[in-house]
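The values are calculated or read from the model by the stated rules, or taken from the named source; none is laboratory data. Please read all numbers here as calculations on a predicted model, not as lab measurements. All Cβ positions, even for glycine, are placed from backbone atoms using ideal geometry, and neighbour counts span all protein chains on display. Just the protein is used for accessible areas: all its heavy atoms, side chains included, with ligands, DNA and RNA removed. Shrake-Rupley method; radii C 1.70, N 1.55, O 1.52, S 1.80 Å.
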Protein chains: 2
Amino acid sequence: MANIKDVAERAGVSVATVSRVLNGRSPVAETRERVLAAVAELGYRPDAVARALRTARTRTLGLVISDLRNPFFTELADAVEQEARRLGYSLIIGNAGESTRQQDDHIRTLLDRRIDGLLVSSAGTGSAMLREAADAGTPLVLLDRTVPGVAAPCVRAEGRAALTELAAHLAALGRRRPAVIVAPAGTPVGDERLELFRAALAAHGIALPPERVGASPDLRPEGGRQVMRRLLDLAEPPDAVLATDNLMALGALDEVRARGLRIPSDVALVAFDDVAWFAHLDPPLTAVAQPTRALGEAAVHTLLERIEGREAPSVLLPARLVPRRSCGEAATD
Amino acid sequence: MANIKDVAERAGVSVATVSRVLNGRSPVAETRERVLAAVAELGYRPDAVARALRTARTRTLGLVISDLRNPFFTELADAVEQEARRLGYSLIIGNAGESTRQQDDHIRTLLDRRIDGLLVSSAGTGSAMLREAADAGTPLVLLDRTVPGVAAPCVRAEGRAALTELAAHLAALGRRRPAVIVAPAGTPVGDERLELFRAALAAHGIALPPERVGASPDLRPEGGRQVMRRLLDLAEPPDAVLATDNLMALGALDEVRARGLRIPSDVALVAFDDVAWFAHLDPPLTAVAQPTRALGEAAVHTLLERIEGREAPSVLLPARLVPRRSCGEAATD
DNA sequence: CCGACGCGTGTAATCGATTACCTGACCCGC
DNA sequence: GCGGGTCAGGTAATCGATTACACGCGTCGG
């Protein structure tokens, strides 16, 4: 593979000149032509590794995703990758699989690779490396999930409007006994969603008693299914269930079907995160859609601000309700 | 961030000694202790960029995925990432979104970054950069999709046994008019699946006439839906449909539902790629499952062989049939 | 007519590691 | 007692780029 010295020799100039031509400084037309010709003939491409060493910028971002198999995060990762690439950055993706150990492992190797900045949707609440990275001055932006004790801007969706709308939607359809399946205790976004929903229901005079709030042991379908089992076994089972994550919603759906109950006639089901296949379920699931693409883009922009040394605020983007048929009303799709 | 010189000073030795201690060569116990102590006190971690420049190995692999939003590829990417990390490599993932241009774009930046090896599940058939990379001597392994004219080992699944079993399954259930929704013309794996299926059906005296083979314009749900529409409009509509990709299957399912037809009583549906949510559909979909994890691992192993300069053969792993309820028989889940 | 200035370009230091080569200490055997 | 072998560890070259600084040449003003 040709290097800058080969190009310099071929063009009859010094390496400095080649570098300057390629980085758009000084040289005059005639020299410039010769250099570009040599570059083309040799198929020269600057070595990003050498450049990174010298300039102390790798033009690479790190993204640690709590669970890449969760389609919401897949979409988010895809959005981040596209925006990063558009702005000239590569992305190294690490999947934590909801494990703090793997997450720390990833952060460590990313720091070793001198990424310019780090995006993390943290698994669990505490992460030693995350704090270390922040303290070490690596530009850091949290994604979707806040982490107590880590001072970094957080980019995520906020459900007030959507949950208010959802409460109204359910009230209008005559649902009086809502229930919520939340993420394991301590997950900040889950708790927030719960409280917003509770407040929105209260405005319609609908209560959300503790026995109709179930915390799933994990963020996977099986956890959601377990909680749904408990809810349906109540003396007064709920007539509408909100799951604060798409995978838990899927497990909840399985339990409803396994009991031979019908959605929405026996119980309504709503999920957070509008992933593509919700529209293909029977019935299509009503969902609170997070603006995935916008979140990914905002995260990259915020991180670039931090990389360039500027302050950057947290970003809260509104989620919106996508009514389908799982609450009872006929909708457009 | 501390560098090797800081460590050397603190330990009172030369940088060479530090490097030797950290790479497990010569130094004797006492010096060794001092160096390790200094490393610990300073929290020193070798700069992967500098090391890569010197050793000409980045310990990074590149993965270009044809469509990261397709859950089959998400799983595959996840498997590749895990295995790569287990073996000490980081992974830069690029999503081509089924576009040859984006794919070339990604390959180009990956080569610039001097990745040690490249894994590609190619979008489309031809790719200038792919050929260029192969010619330039970058270790290359194809994943899931062969590319004519590119000399590189290919790791993928092979459906003979599964499709033979499927043909028997359908025959036993009395299905006589099968149809196939294939990927756009020229996608090697799609055509192969079609021919294997045709042969397997023939063994049961079942024909697969041209009018019951439809090529989708793309690998997305809408394409599958269009083909399904055509198939169901035939004078003699099929009583069983195989889609050679999970997203096309999803679109096909939508069309069946939109017409108020029932699966499996009106038409059976089988998909290639067993993705997690097939089990959560109603009815759960019978699928040809590719050994995703094993494919990812084999791909990494094959690539490492190539990186170490050894020859490596292509790998064909058998897919297997996962019968659920979408063909009519009651199954375990 | 000469010095200052500017412009284009070359020389060489630099980023942070690895490693070939050399040095010096020590030990051993003859 | 001395030559040679062994081994720890230091010196410096190197990877491929960027860039501060220096230099030479041309131009222009006083």
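When A:214, A:149 are checked against the criterion of being under 20 Å from residue A:327 (Cβ atoms) and without any contact (Cβ under 8 Å) to a residue 60 or more places away in the chain, a single residue qualifies: A:214. Output the number of residues of segment B:92-110 satisfying the condition of being without any contact (Cβ under 8 Å) to a residue 40 or more places away in the chain and more than 7 Å from chain A (Cβ to nearest Cβ). Total satisfying the criteria: 11. Residues considered: A:252, A:258, A:271, A:287. Of these, the only one that is aliphatic (A, V, I, L, M), in contact with an Asp or Glu (Cβ under 8 Å, 6 or more places away or on another chain) and within 14 Å of another protein chain (Cβ to nearest Cβ) is A:271.
Only one of the numbered conditions (1) within 11 Å of DNA strand C (Cβ to nearest atom); (2) within 14 Å of chain A (Cβ to nearest Cβ) is violated by residue B:8, and that is (2).
Given the residues A:26, A:19, A:14, which is the only one that is within 12 Å of DNA strand D (Cβ to nearest atom), open to solvent by 80 Å² or more (accessible area, probe 1.4 Å) and over 30 Å from residue B:67 (Cα atoms)? Can you show your working first?
Numbers: A:19 fails: open to solvent by 80 Å² or more (accessible area, probe 1.4 Å); A:14 fails: open to solvent by 80 Å² or more (accessible area, probe 1.4 Å).
Sole residue among the options that is within 12 Å of DNA strand D (Cβ to nearest atom), open to solvent by 80 Å² or more (accessible area, probe 1.4 Å) and over 30 Å from residue B:67 (Cα atoms): A:26.
Within segment B:223-249, being modelled with pLDDT under 95 and of a type in the set (D, E, K, R) holds for B:236, B:239, B:245.
Residues of segment A:119-133 that are buried (at least 19 other Cβ atoms within 10 Å of the Cβ) and without any contact (Cβ under 8 Å) to a residue 60 or more places away in the chain: A:120, A:121, A:122, A:123, A:127, A:129, A:130, A:133.
Number of residues in segment A:32-64 that are at the interface with chain B (Cβ under 10 Å from one of its Cβ atoms), open to solvent by less than 70 Å² (accessible area, probe 1.4 Å) and in contact with a helix residue (DSSP H, G or I) (Cβ under 6 Å, 6 or more places away or on another chain) equals 7.
Scanning segment A:1-11 for residues that are open to solvent by less than 80 Å² (accessible area, probe 1.4 Å), within 18 Å of residue B:112 (Cβ to Cβ) and in a helix (DSSP H, G or I) yields A:4, A:6, A:7. Has segment A:170-185 got at least one residue that is at pLDDT 95 or above, over 16 Å from the mean Cα position of the chain (by Cα), surrounded by 23 or more Cβ atoms within 10 Å (Cβ to Cβ) and among the small types (Gly, Ala, Ser)? Scanning segment A:170-185 turns up at least one residue that is at pLDDT 95 or above, over 16 Å from the mean Cα position of the chain (by Cα), surrounded by 23 or more Cβ atoms within 10 Å (Cβ to Cβ) and among the small types (Gly, Ala, Ser). Are any residues in segment A:274-283 at the interface with another protein chain (Cβ under 10 Å from one of its Cβ atoms) and either part of a loop (DSSP other than H, G, I, E, B) or free of Cβ contacts under 8 Å to residues at least 12 places away in the same chain (or both), and if so, which ones? Of everything in segment A:274-283, those that are at the interface with another protein chain (Cβ under 10 Å from one of its Cβ atoms) and either part of a loop (DSSP other than H, G, I, E, B) or free of Cβ contacts under 8 Å to residues at least 12 places away in the same chain (or both) turn out to be A:275, A:280, A:281, A:282, A:283.
Restricting B:120, B:147 to residues that are at pLDDT below 95 and in the same structural domain as residue B:310 (by TED's automatic domain parsing) narrows the list to B:147.
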